[in-house]
Structures are given as structure tokens and as C-alpha cells.
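The structure appears right after this line, and notes come after that.
The values are calculated or read from the model by the stated rules, or taken from the named source; none is laboratory data. The shown structure was predicted, so the numbers you read here are calculated from the model rather than taken from an experiment. So basically every Cβ, Gly included, is an ideal-geometry build from the backbone, and we count neighbours across all protein chains shown. Accessible surface areas use protein heavy atoms only, side chains included; no ligands, DNA or RNA. Shrake-Rupley method; radii C 1.70, N 1.55, O 1.52, S 1.80 Å.
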Amino acid sequence: MSISTVSRAFSPDSQIAPNTRDRILARAKAMGYQPNPFARSLITQRTRIVSIFISDVFNPFFPEVMAILTGELQKHGLRVMLFHVPEGKTTDEVLPEGMLYQPEYIILMTATVSFQRTMATIDTGTHLIFFNRYVPETDTFAITCDNKRGGRDIAEFLIETGHHNMAYIAGTPDATTSIDRGHGFVERCAEAGLTIVRDNLPEVFSYEDGYAAACRLIRAVPDLDAIFCANDIVAFGTVDALRHGMKRDVPRDISVVGFDDVAMAGWPSHALTTYRHPMRRMAAETVRLIREIDDNPDMAPVHRSITGEMVPRNTHRDRRAGAMVR
């Protein structure tokens, strides 16, 4: 076989007789031959590499979404490289590492990235996609949960179940996820004539910060009847703080609602009332977006948001008159 024929056999979209392709692939398998993707990229000018940047690896949300997203990308024939932004470093500092491998796409799951670094990356020809994040007031590709709608839905759920004195434990102050969830929650409560107590966490969405914030809130406002936490890991810390640190009964004394619906939220030991993050649909939408960009590299940036849903479990109580108390 000629070199060009063999090359076409390893390219799924190339024109080659099926029996010829089968013979070449069978012989290659017998020889243990694998094409070199880096050598091929020099010819095709396409690495098919996707660099994913992640910072909060201790939040169970991210390992779950990484498994789902990586699986979807690999089905599309893309190669995934993972880059961790360690504590004490910024995404801006780590991003150049990912650029060394000439990825066709960069997916950012980190909380923040500067406008200057965003624009510099786009200027190289690499397509930048924010996943569950976006940079306000910039034209960039983004796939997010409809976080504001989620915050409103949670407020509506708590209002409908008779709660009147509520608080919001936010995440990192400059993370769009935390900001949008808080805006939606506070906005809907204001429409109902309710004023919300807020507690902004200084660093990350962590169990420890959730625990500390819940203790602060109860000391400051002892008669709270519900707390909405910016994510599930914060909610786990909040529930434990209320039950073990502040000696409050959850949900009899106070309700707690999280956001994400990580696998742990459904464990009997937690049974957390939460808002399900549409991570599977977001992963599928990310691959769909990449296909669109592949077909039209000059397409204008789009921001697509996907709605989640409430998942009632055992950390909330219906406080309306006549409702059954667990």
C-alpha cells in the first residue's frame, strides 16, 4: 500500500474503499502500529487537543463534571489535556502552559481569568470556551447553567413552603456562578417583600467555609428559618454546623438548600435538598458547540445557558400552616 493510502485508512472521514481500510487496520493491529498524533498534526495543522483548566479539585462537583465532559469530548475524537491551577496561582499564570501544546480548544472551569489573557488567547487562533463560567461584558463562547434562574427557583421553592427569614451563603465573591445565583435568589425574595441576609465567603466553595459561615449567621440572626448555599459542598458544611455546632435541628428548626446535586447529596447521610446542575446537558452542548466551530471557525461567540431543576430531599421543611412536620 502507498503511504497516502495507509494515511487515509486512519482518517475516519477520508475516501477509501472499506475492504482496503479493513486490511490496513488489521495489519496495523497485528504489527502493534499506532499513528503518531503529533506528527499528523504537523501535516493537518489540527492537533484535536482540548486543554481543560480546573482549580477547585476538592469540590466533588468538578470530578463528576470532568468525567462526563471528558467522555463526551473523546466520543467526538478529541484528545483531552487537564491543567490544574494550584492554590496561590492564577489562571493567567497557568494558561500559557496549555498553549504550548497548540490546543484547538481551551475549556476554562476556573473561577476567574483576566480580560487581557482572554483576548490574548483568542488572538492565537485557539477557541476559548468557558464552562459554567463567563467573563462579563466580553464576547466569548460560554456554556453555563442558568444560575440566576436557579437562584430564583430556589427562592420560589422556599417562599412557597412558608419560609420568611432567609439567608444566602455565597461562594467566591467574583465568581459569576455565585454572583448570578445570589442575584436570582435575592431578586425573587425582594419581589415577595423579603430581605435576605448575605454571607460572602472570602476564598472558595468549601465545606469549612460553609461551616464557619453558618455559625456566623446563626449568631447574628438566631431566628433564620432557611439558608440557601451557593453549592452542595458549602451546604454540607452548613448542615453540620447547624446540627453539631449550633445545636439546631435541620429541617425542623431551619431548612438548608444547596446547588449542584453532586452524587453525595443523594446519600442517605446527607439527603440534601438541592438544585440539580444540568452538567450532562451542558457537556453535550459543549461538544455541539465545538462541532459548530469546526464547521465555521469564524462564527460569532455565543453564550448558552441551560436550566436545572429542584431536587427536594430531607433538609427542608414545609412551614405553612397545617403542613406535616417530620
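One table, with the values for the structure above:
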quantity	calculated
Rounded if a/c under 1.5, otherwise prolate or oblate - the range 154-243, Cα gyration tensor axes	oblate
Computed log₁₀ I(q)/I(0) - Debye formula, equal Cα scatterers, no solvent, the range 149-207, q 0.23 Å⁻¹	-0.87
Built amide H within the under 5 Å cut-off of Leu82, gap 5+	Ile52
Residues of the chain: accessible area per residue with a 1.4 Å probe, Å²	49
Kirkwood hydrodynamic radius of the range 233-319, from inverse mean 1/r over distinct Cα pairs, in Å	15.2
Peptides ranked, highest mean first, by Cβ atoms within 10 Å: ranges 205-211, 27-33, 246-252	205-211, 246-252, 27-33
Calculated diffusion of the range 197-267, Stokes-Einstein form, Kirkwood radius summed over Cα pairs, 20 °C and 1.002 mPa s, µm²/s	180
Heavy-atom accessible surface of the chain: percent carbon and sulfur, 1.4 Å	53
Amide H within-cut-off set for Phe130, under 5 Å, with H built and near neighbours excluded	Leu108, Phe141, Ala142, Ile143
Hydrodynamic radius by Kirkwood, which averages 1/r over all alpha carbon pairs of the chain, in angstrom	21.9
Sequence-separation-based contact order of the chain, relative, with Cα cut under 8 Å and 6+ spacing, percent	15
